[in-house]
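Read through the structure below, which is laid out as structure tokens, and then see the notes.
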Amino acid sequence: MIGNDIVDLAKAKKESNWQRKGFLDKIFTGNEQELILTSNNPEQIVWNLWSRKEAAYKIYNRQTGERFFNPKSFVCEEDEVILGTHHYYTQTQITPDFIYTIAVTSKDRFMAIQHLESREAIQKKNGIPNWFDLAEGKFHPASITHHGRFARIVYLETKKKQFSFL
């Protein structure tokens, strides 16, 4: 399983007031809030944690079919996000322009991640994207994210290939 999320930092800065009363309490655990509030760059931590929670949610939604989203229940710890017995492993790319996270259900799946340039071969079933590989004649779980100026589409290849996150 795979999930991803991207945050356009310029758009987030313009349209999201993460410092408003109650925002942090609604989205983040006490430990996450402490990490944010003691950071030299709290805004970056907010969107880093947010993108990790959102990427993990996309996997959870695919696994369970449940469409709830309670960000506070997704707990970020180092390179994983935990929801009850579910563990999602994340890799996050931070640039001056965006924060991008990919989440998978096991660390070895990072090597199977592939990127797509176009949505043309994406088909949704119950709102969940899959990529159809014409050569193999089968579907692969996919994840689509877009925010502001940025978009990414990823899927998991069934054959192991080397993957470079950046």
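The values are calculated or read from the model by the stated rules, or taken from the named source; none is laboratory data. As the structure is a prediction and not an experimental result, all values here were calculated from the model. FYI the Cβ positions are ideal-geometry reconstructions off the backbone, even for glycines, and counts take in every protein chain you see. Ligands, DNA and RNA are excluded from the accessible area calculation, which covers all protein heavy atoms including side chains. Shrake-Rupley method; radii C 1.70, N 1.55, O 1.52, S 1.80 Å.
Details
- In the context of the full set of protein chains, residues of the chain present 55 Å² of accessible surface per residue (probe radius 1.4 Å, heavy atoms only).
- Note on the chain: with charges restricted to the Cβ of Lys and Arg (+1) and Asp and Glu (-1), its dipole about the Cα centre is near 460 debye.
- Simple spin-label estimate for Phe69 and Arg20 in nanometres, 7 Å along Cα-Cβ: 1.6 nm
- The chain: calculated mean residue ellipticity at 222 nm from DSSP helix runs of at least 4, using -39500 (n - 2.57): -8000 deg cm²/dmol
- Within the accessible area of the range 5-146 (1.4 Å probe), percent carbon and sulfur: 48 percent
- Pairs of lysine residues in the range 1-122 - Cα separation under 23 Å, sequence separation of 8 or more or cross-chain: 20
- GluC sites (Glu not before Pro) within the range 2-88: DSSP coil, no more than 12 neighbouring Cβ in 10 Å: Glu66, Glu78
- Potential lengthening between Met111 and Lys138 on full extension [0.36 nm per residue; Cα-Cα distance subtracted]: 7.8 nm
- Contact order for the range 1-98, expressed relative to its length and based on alpha carbon pairs under 8 Å spaced 6+ residues apart, stands at 35 percent.
- The label point for Asn40 and the one for Lys11, both projected 7 Å from the Cα toward the Cβ, are 2.9 nm apart.
- Angle in degrees between helix 42-64 and the longest Cα principal axis of the chain, rounded to the nearest 10: 40 degrees
- Length-normalised contact order for the chain - Cα pairs under 8 Å, 6+ apart - percent: 29 percent
- Overall shape of the chain was characterised from the C-alpha gyration tensor. The equivalent ellipsoid obtained from it has semi-axes of 28, 17, 15 Å, in decreasing order.
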